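Rule-based calculations on the coordinates, nothing more; no lab input. These numbers come from a predicted model, not from an experiment. Please note: Cβ atoms are built from the backbone with ideal geometry, for glycine as well, and neighbour counts cover all protein chains shown.
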Amino acid sequence: MNKKEIIIPFFVIGLTLIFASISFAVFITNGKSKKWVARKMKIGGILLTLTAASCNGGGGGVTCYDVAEINSMWINNTSQNGIELKLDTGNILKGSISTIDGKDFSFQVADSVGSKYQKGLILLDSISNYSSSFKIELDKNLKPGKYKIKLFASNLASQDTIEPNREFDLTINNE
């Protein structure tokens, strides 16, 4: 422990006692004494400043929000179990990408073992406000079963060397 870590708590306790005694003086004068009210405001401001500085390490402003994820990808109509669809009635998945950084996007359909069944580019619709919608057309020859659909912020050649930005469970039903 350094000196600051030992001294600051005692300093805050002392200021709190001074603030309490000044508050009592303001109470006794019914708030009519400008001198005691001014002192109360000054000591209160110092206490608030010390409290705020101690909450965030004493430097800079408080940041409450995480930075938006770059190339955040999402597929519409995703449930808790992932994506479920029937290829005979619909093989197109719709989604969106926000906070776009780059121009190459791709997808991959694989099973739980890692066997790859389909790869393709994700073609973006018109980009507005750093976001865009997209469509992925799944191969109608995919067999019913459980797959993973992986979305990448890269071209097809880079898929084997990087992690996907997003991964969804994909269940293809026959009925």
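Table for the structure above
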read-out	value
Estimated 222 nm signal from helices in the chain, with DSSP H stretches of n ≥ 4 weighted -39500 (n - 2.57), rounded to 500	-9500 deg cm²/dmol
Extension gain (nm, one decimal) between residue 27 and residue 79, 0.36 nm per residue minus Cα-Cα	12.7 nm
Tilt relative to the chain, helix 34-55 - C-alpha long axis, 0 to 90 degrees, to 10	30 degrees
Which of 107, 10, 168 has the fewest Cβ neighbours within 10 Å, and the rest in rising order	10, 168, 107
Residue exposure sequence - 73, 41 - by fewest surrounding Cβ within 10 Å	41, 73
Tilt relative to the chain, helix 3-28 - C-alpha long axis, 0 to 90 degrees, to 10	60 degrees
Reach of residue 150 by Cα under 14 Å, taken over aspartates and glutamates that are not fewer than 8 positions away in the same chain	111, 137, 160, 163, 167, 169
Entries of 103/146; 3/35; 94/140; 116/143; 94/116 with Cα pairs more than 23 Å apart	103/146; 3/35
Point-to-point label distance, residue 20-residue 41, nm (Cα→Cβ direction, 7 Å offset)	2.5 nm
Nonlocal amide H pairs with residue 83, under 5 Å, H built at 1.01 Å	169, 170, 171
Anisotropy class of the chain from Cα gyration tensor, a/c 1.5 cut	prolate
Ranked 29, 51, 78, 161, criterion: other C-beta atoms within 10 Å, fewest first	161, 51, 29, 78
Computed lengthening from residue 91 to residue 155, 0.36 nm per intervening residue step minus Cα-Cα distance	20.8 nm
